[in-house]
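See structure below.
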Amino acid sequence: MTSWTKLFLVVTVVAVAGPTSAQMALPDKCMATGQAMQMPEIQMGDMAEHQKAMMEGVRGMHPAMMQGMMAKDPDVAFVCGMIAHHMGAISMSEVELKFGDDAEAKSMAEKIIDAQKKEIDEMTTWINEHAQ
């Protein structure tokens, strides 16, 4: 496995932990019928705590994003996928706030949390009004 592949896997598997994002849920109308999507099990024994936290987050975000995108209506699929994607961004930002040291990175994380929560609220309202 190349370094880029490993980096891609880490970035792909990084996203929804922490108290705020853990309380968020994909709207019911985003849950397509059919089989649930699962992330493959990844061994995290040698990872640092921040890496483990990000990886745990992705285990929630990635399947939810894939599930949301299964909607038959392309607009609904897009919005549902983006809700889960934004939840992942919040999770990663929460990990930064917990483990990060750089004030500028923490400031970016706070801005991301605020913006993504607002957008999730807007998209959830849209889903509730438009999804069948």
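The values are calculated or read from the model by the stated rules, or taken from the named source; none is laboratory data. Because the structure is predicted, anything quoted here is derived from the model rather than measured. Here the Cβ is made from the backbone with ideal geometry for all residues, glycine too, and neighbour counts use every protein chain on show.
Out of the residues in segment 88-132 that are β-branched (Val, Ile, Thr) and without any contact (Cβ under 8 Å) to a residue 60 or more places away in the chain, which is surrounded by the fewest Cβ atoms within 10 Å (Cβ to Cβ)? Full working, then the answer.
Within segment 88-132, the subset β-branched (Val, Ile, Thr) is 90, 95, 112-113, 120, 124-125, 127.
Next, from what is left, pick out any that are without any contact (Cβ under 8 Å) to a residue 60 or more places away in the chain: 112, 125.
Details: 112: 17, 125: 11.
Among them, the one singled out is 125.
Please find, among 68, 57, the residue that is touching a residue at least 40 places away in the same chain (Cβ under 8 Å), out of contact with any strand residue (DSSP E or B) (no Cβ under 9 Å at 6 or more places or on another chain) and closer than 12 Å to residue 26 by Cβ.
Just a single option satisfies the conditions, and that option is 68.
Is at least one residue of segment 62-79 touching a helix residue (DSSP H, G or I) at 6+ places or on another chain (Cβ under 8 Å), closer than 25 Å to residue 121 by Cβ, among the β-branched types (Val, Ile, Thr) and at pLDDT 80 or above?
Checking segment 62-79: at least one residue is touching a helix residue (DSSP H, G or I) at 6+ places or on another chain (Cβ under 8 Å), closer than 25 Å to residue 121 by Cβ, among the β-branched types (Val, Ile, Thr) and at pLDDT 80 or above.
What number of residues within segment 77-87 satisfy the criterion of being surrounded by fewer than 21 Cβ atoms within 10 Å (Cβ to Cβ) and in contact (Cβ under 8 Å) with a residue 40 or more places away in the chain?
Going through segment 77-87 one residue at a time, the tally reaches 1.
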